[in-house]
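A quick write-up on the structure given underneath.
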Amino acid sequence: MEINELKCSWEKIKEELTKSLPESVHPWVFSLEFSGYDNGVLTVVTGQAMARDWLRKNHMTQMNSILNRCLNSDGNVFNIIYDTNEAKKLKKEIEKIHRKEAELQQKELAMENLSYMQSASNLNLKYKFENFVVGKSNKFAHDACMAVAKNPAVKYNPLFIYGGSGLGKTHLMQAIGHYTIFNNPKLKVKYTKTDDYINDFISNSRKSDKSIENMSKFYKKYTNVDIILLDDIQFIESKEKTMEKLQQTFDTLKDRGKQIVITSDRIPKEIPKLTKALCTRFEMGLMVELLPPDYDVRYEIVKRLANDNGIEYEEAVLKYIATHYSNNIRELEGAFTRVCAYAEMNNSKLTLSLAKEILKCGDAEELTFEKITDVTSKYYEIDVNDIRGTARSQKVATARQTAIYLSRELTNQSFENIGIYFNKKHSTALYAYEQVAKRIKTDSELNSAVREIKQVLKVI
Ligand code: ADP
Ligand code: MG
């Protein structure tokens, strides 16, 4: 009989063997591979020494008679040999299966963890690194968050992310959470809004029979984690008791080598009545700022929004929205959604004229410190250089504070950046802003100055 022919029928012989031999030895039969046939001797190899020994010892007669029946002749015998190459191949295959199983298990664990995280912490599925558009304004913050996600509690601890409203703080912070539960599902992540933390603290610290027990539960809830994501920490201002507890939580986490990530709309020093102890703790890691996005980032965000939702658009619509919504990505997204909703309801196309009609942004150019200062100086009839200089007369001081106030309000830039432009420290810029914000409520002259300047700037 030709070898090739036999090779062909080897599978058939194997099938016959499994039909007759007990089920317990089937895996060993499956492990047998055809090696050669010579002079009535059929040589098969296995990577399992056990298979060779067991089959030889207990099933040889039966196997030989099956072989003879299949080949339709007498005197054929099996020669089972153990082969190290075959053994290596087998080992690799087993390892591959184990790896696949482990991956699957990890994915399942991640999915479980993810849905748990979502329901337990309101983690938004959109807030992942994949959905975050990176540009000059946010690259540093993005990279720091990615580094923390990849290696928690190694380098930047705490990571303090700050910047104006709608610039992506919550998005980036939650991206760390998503990344971790997908890639490192054994780690426990907790996302908490500071407001919720405060309310949780207050409700647990109410005097009751169970207050000690409740407090200990509260404490464990926030310390029994590997990564804590504390959003909008500025809301902790003046809450002395909560601050004390937070300090304790912070120290425990830090001592245990756990990662802390905090967001805030301002730097720690600018959070009113923040205890010095907390302020130093927040500053001891890395502080990263999110700046208002540049045009390219804004454009890319609206474009992705349109594409992800399968919306057809005129290129000019994206450009128009990206040009006019420069300070807040939430508002940028909101503007686009508004135009889309209007187009859908009226069954019309997403055109530039429609966007202009709905958003009424006019054709105003982007607001800058220069533009704001220019208009303010004209209103007060003083020189721009005086506003940015050191003159202290009442009029100049008011004009300067107004320009600083408007710069913060209309550009959402940090007090540090504003300070740099006006040649002042960031604390002076903050003070000026707060002064005007307070005074416009009662000072009608200042109030109408701010309104008029805004009108000239076409923001109202
Ligand atoms: P913040 O917490 O700073 O107020 P958010 O993180 O809530 O801001 O962001 C506001 C909105 O803008 C969210 O819908 C977020 O997904 C989106 N966003 C912010 N930055 C980006 C970015 N770089 N790429 C894509 N979307 C962004
Ligand atoms: Mg936020």
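About its Cα centre, what dipole magnitude does the chain give when the only charges are +1 on Lys and Arg Cβ and -1 on Asp and Glu Cβ, stated in debye to the nearest 20?
The calculation lands at about 1620 debye.
Cut-off under 23 Å on the C-alpha distance; same-chain residues fewer than 8 positions from residue 186 excluded. Which lysines are left, in chain and number order?
96, 100, 107, 126, 128, 150, 155, 217, 220, 221, 254, 258
Would you mind counting up the charge near residue 149? Only other residues with Cβ under 13 Å from its Cβ, with Lys and Arg at +1 and Asp and Glu at -1.
Neighbour charge sum, excluding residue 149 itself: 0.
With the cut-off at 1.5 for a/c, could you classify the range 147-278 from its C-alpha gyration tensor as rounded, prolate or oblate?
Because a/c hits 1.5 or more and a/b fails to exceed b/c, the range 147-278 counts as oblate.
Could you tell me which of rounded, prolate or oblate describes the range 11-84, using a ≥ b ≥ c as the square roots of the eigenvalues of the alpha-carbon gyration tensor, with rounded for a/c under 1.5 and, failing that, prolate when a/b is larger than b/c and oblate otherwise?
oblate
Counting other Cβ atoms within 10 Å, which GluC sites (Glu not before Pro) in the range 1-95 have at most 11 and lie in a DSSP loop?
2
For residue 69 and residue 456 in one chain, what is 0.36 nm times their gap in residues minus the Cα-Cα distance, to one decimal in nm?
Contour length minus Cα-Cα distance gives 129.1 nm.
When a/c is below 1.5 the answer is rounded, else prolate if a/b is larger than b/c, else oblate, so apply that to the range 273-382 with a ≥ b ≥ c taken from the square roots of the Cα gyration tensor eigenvalues.
Since a/c reaches 1.5 but b/c is at least a/b, the shape of the range 273-382 is classed as oblate.
Angle between the Cα long axis of helix 3-20 and the longest principal axis of the chain, 0 to 90 degrees, nearest 10?
Relative to the chain, helix 3-20 is tipped by roughly 90 degrees.
Once both axes come from the Cα atoms, what is the angle between helix 295-308 and the longest principal axis of the chain, in degrees from 0 to 90, rounded to 10?
Tilt of helix 295-308: around 50 degrees.
Sketch the reach of a paramagnetic label on residue 279 as a point 7 Å from Cα along Cα-to-Cβ, and name the residues of the range 426-458 whose backbone nitrogen lies under 18 Å away.
Label zone hits: 426-435.
Work from the charge dipole of the chain (Cβ charges, +1 for Lys and Arg, -1 for Asp and Glu, about the Cα centre) and give the residue of 25, 181, 223 farthest towards its positive end.
Final value for the positive-end residue is 223.
What are the lysines whose alpha-carbon lies under 26 Å from the alpha-carbon of residue 438, with same-chain residues fewer than 8 places away excluded?
239, 269, 273, 276, 371, 378, 395, 424, 425, 454, 458
Only four residue types carry charge here, +1 at the Cβ of Lys and Arg and -1 at the Cβ of Asp and Glu. Report the dipole size of the range 131-263 about the Cα centre in Debye, rounded to the nearest 20.
About 340 debye.
What residues of the range 241-282 lie in the reach of a label at residue 147, counting those whose backbone N is under 20 Å from a point 7 Å from the Cα along Cα→Cβ?
The answer is 254, 257-264, 267-268, 281-282, whose backbone nitrogens lie closer than 20 Å to the label point.
Express in nm, to one decimal, how much length is gained between residue 240 and residue 49 on full extension, taking 0.36 nm for each residue of separation and deducting their alpha carbon distance.
The residue 240-residue 49 span can extend by a further 61.6 nm.
Which listed residue (455, 401, 435) has the Cα farthest towards the positive end of the charge dipole for the range 365-460, taking +1 on Lys and Arg C-beta and -1 on Asp and Glu C-beta about the Cα centre?
435
Each reported figure results from applying straightforward, stated rules to the coordinates on display, with no laboratory input. From a predicted model like this one, the values you see are computed outputs, not experimental measurements. Every residue, glycine among them, receives a Cβ derived from its backbone with ideal geometry; neighbour counts consider all protein chains shown.
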